[in-house]
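Everything below concerns the one structure shown next.
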Amino acid sequence: MTLFSELGLADPLLKALEAEGYTTPTPIQEQSIPHLLEGRDMLGLAQTGTGKTASFALPILQRLDQIKQRAMPKSTRVLVLTPTRELAVQVGQSFKTYGCHYRLRHALVFGGVGMVPQIKTMAGGVDILVATPGRLLDLMNQGAIRLDSVEVLVLDEADRMLDMGFILPIRKIVAAMPKSRQTVLFSATMPDSIVGLANSVLHTPVRVEVTPAATTVEKIDQKVMFVDRENKRTLLTEMFACKTVERALIFTRTKHGANRVSELLEKAGIPSDAIHGNKSQGARQKALADFKDGRIRALVATDIAARGIDVDGITHVINFELPNEPESYVHRIGRTARAGASGIAISLCDADEVSYLRDIEKTIRQAVPVDFEHAFHAPHIMSRGAGGKPKPPVRHQRSPQPLDTYPQQARGGKPHGDHAGKPRDAGKPSGRPAGQQTRSGNTGFKGASSSGNRSARG
Ligand code: AMP
């Protein structure tokens, strides 16, 4: 096992890592840090939760300290671009944490807050600027920021930046920088647009890949609950009867949906809040702080707002609604099982969402185990194929790519689901088209299923 001390990092960084309790680099850190310390460009395929922030922050901090140079007024030596303000704040915090023994100046630049303080901070120049593309471009256009002395550029979560329509701002920002610089691009996925961007901004990069399937996803105890839409709300509130649901991040597809779910939980006496793009920056920061400090038990979020949420100890990710993009599912569930930990991800799937579930299963190359035990299990939904068409009930029906074709080693050799042995439902009445089934005691929601609500199913 490699230790941080073997990667060539300087003592002040090792001290900071020790204070955080980190001794062993994550795979992305182990693979990236030596190359980045050499000054190479890098294409990193990794999602949040893999430790990717430290993988670029540590070598950058070391470089800034080694090549001592004062930043020019209105300039920065390092620029990190992120898709959202939340991620910007968290990346900024990581630089602060890991760089606590260096005297370096940081700044954050993102929209939704006043420009004047940002302009003032930038006036004297900084060592590290973490910014979202839109606001950065605004400040560049006003002459408040110049990028002609940037030494290192990081494009973090580049796929999400492109999804959010930032390609033009990014191109303008890159065009304002010196050509000789170190560039690092991180992306969780590799669509053609990212390949194009990577080809144009990176110079003979090393490629480092930590696939979600082999890292985060396998550590997460996933399950799907088939449920009629009208029962989702009751099922959700019942989940919170179980004390193991200490800190749950709940996803909805829309902002209004997020508000409604948060109100529902509040009414049921479960402290919660919602976080989405319609909320002010202050309200979002407060919701996040309350969630981190345990003042609320549930945070309801949309996909975009949740980008960059980095809260340790999320016990459950609950997909109140399934995302229509499979990659979002991977991002969502990666919020639990942060580096090293394990977590539970539950998806509520109604009749209209079966095709989303099948797409997700293809992407993660696993069948999501089905929870049959909950009070609202809807077998008629489960028997629908992709496209929402009812399928004839088939016993022991296999999902598109069953778990047993998924490398054992990548899953830590842990037996998983029915493929680890005899299907649990063998010998049970037919009509349950079992694909995958959760292991007994695996749901964490026995309370919900035994709470006398079966009659609610009618
Ligand atoms: P990231 O993927 O950068 O969002 O990091 C995910 C989480 O893992 C953050 O909470 C980090 O503080 C934490 N982390 C990063 N590196 C390590 C490490 N080597 N050991 C344990 N936790 C880590």
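For the stretch 81-92, the set of residues classified as within 12 Å of the ligand (Cβ to nearest atom) and at pLDDT 95 or above consists of 82, 91, listed by residue number.
For the stretch 153-198, the set of residues classified as of a type in the set (Gly, Ala, Ser) and surrounded by fewer than 17 Cβ atoms within 10 Å (Cβ to Cβ) consists of 165, 175, 176, 180, 193, 196, listed by residue number. Note on the stretch 3-28: residues that are part of a helix (DSSP H, G or I) and either at pLDDT below 95 or among the hydrophobic types (A, V, I, L, M, F, W, C) (or both) amount to 12. Of everything listed in (1) under 30 Å from residue 141 (Cβ atoms); (2) buried (at least 16 other Cβ atoms within 10 Å of the Cβ), the single unmet condition for residue 33 is (1). Filtering the stretch 36-51 to residues that are crowded, with 22+ Cβ neighbours inside 10 Å and either more than 14 Å from the ligand (Cβ to nearest atom) or more than 18 Å from the chain's Cα centre (by Cα) (or both) leaves 36, 42, 43.
When the stretch 57-75 is filtered for residues that are within 16 Å of the ligand (Cβ to nearest atom) and under 22 Å from residue 148 (Cβ atoms), only 60 remains. Could you tell me whether any residue of the stretch 277-295 is over 25 Å from residue 111 (Cα atoms) and either surrounded by 22 or more Cβ atoms within 10 Å (Cβ to Cβ) or among the polar types (S, T, N, Q) (or both)? No, every residue in the stretch 277-295 fails to be over 25 Å from residue 111 (Cα atoms) and either surrounded by 22 or more Cβ atoms within 10 Å (Cβ to Cβ) or among the polar types (S, T, N, Q) (or both). Contact map, the stretch 31-52: first residue more than 14 Å from residue 157 (Cβ to Cβ), second residue part of a strand (DSSP E or B) and among the small types (Gly, Ala, Ser), Cβ cut-off under 8 Å, separation 6 or more or different chains; pairs are 32/44.
Only residues that are within 16 Å of the ligand (Cβ to nearest atom) and either surrounded by fewer than 22 Cβ atoms within 10 Å (Cβ to Cβ) or within 20 Å of the chain's Cα centre (by Cα) (or both): list them for the stretch 93-110, please. 93, 94, 95, 96, 97, 100 - these are the residues of the stretch 93-110 that are within 16 Å of the ligand (Cβ to nearest atom) and either surrounded by fewer than 22 Cβ atoms within 10 Å (Cβ to Cβ) or within 20 Å of the chain's Cα centre (by Cα) (or both). Just to be sure, is residue 54 modelled with pLDDT of 95 or more, out of contact with any strand residue (DSSP E or B) (no Cβ under 8 Å at 6 or more places or on another chain) and within 11 Å of the ligand (Cβ to nearest atom)? Yes; evaluated as a whole, the condition is true for this residue. Of the helices (runs of 4 or more DSSP H) contained entirely in the stretch 262-368, those carrying at least 2 residues that are among the polar types (S, T, N, Q) fall at 281-292, 354-364. Scanning the stretch 310-324 for residues that are touching a residue at least 60 places away in the same chain (Cβ under 8 Å) and among the charged types (D, E, K, R), we see that the one that is farthest from residue 236 (Cα to Cα) is 310.
Within the stretch 93-150, the residues that satisfy the criterion of being under 16 Å from residue 53 (Cβ atoms) and free of Cβ contacts under 8 Å to residues at least 12 places away in the same chain are 93, 96. So, in the stretch 229-256, of the ones that are closer than 12 Å to residue 321 by Cα and at pLDDT 95 or above, which residue ends up surrounded by the most Cβ atoms within 10 Å (Cβ to Cβ)? Result: 251.
Within 16 Å of the ligand (Cβ to nearest atom), touching a strand residue (DSSP E or B) at 6+ places or on another chain (Cβ under 9 Å), in contact (Cβ under 8 Å) with a residue 60 or more places away in the chain and among the β-branched types (Val, Ile, Thr) - does that describe any residue in the stretch 295-309? Yes: one or more hits.
Given the structure, is residue 109 under 22 Å from residue 205 (Cβ atoms) and touching a strand residue (DSSP E or B) at 6+ places or on another chain (Cβ under 7 Å)? Working first, answer last.
Working: under 22 Å from residue 205 (Cβ atoms): no; touching a strand residue (DSSP E or B) at 6+ places or on another chain (Cβ under 7 Å): yes.
No.
Inspect the stretch 235-257 for any residue being without any contact (Cβ under 8 Å) to a residue 12 or more places away in the chain, under 26 Å from residue 357 (Cα atoms) and of a type outside the set (A, V, I, L, M, F, W, C) and give the result as yes or no. Yes, there is a match, as at least one residue in the stretch 235-257 is without any contact (Cβ under 8 Å) to a residue 12 or more places away in the chain, under 26 Å from residue 357 (Cα atoms) and of a type outside the set (A, V, I, L, M, F, W, C). The number of residues in the stretch 308-325 that are more than 13 Å from the chain's Cα centre (by Cα) and modelled with pLDDT under 90 comes to 3.
The values are calculated or read from the model by the stated rules, or taken from the named source; none is laboratory data. Quick caveat, the model's predicted, so the values are computed rather than measured. No Cβ is skipped: glycine too gets one built from the backbone with ideal geometry, and neighbour counts run over all protein chains shown.
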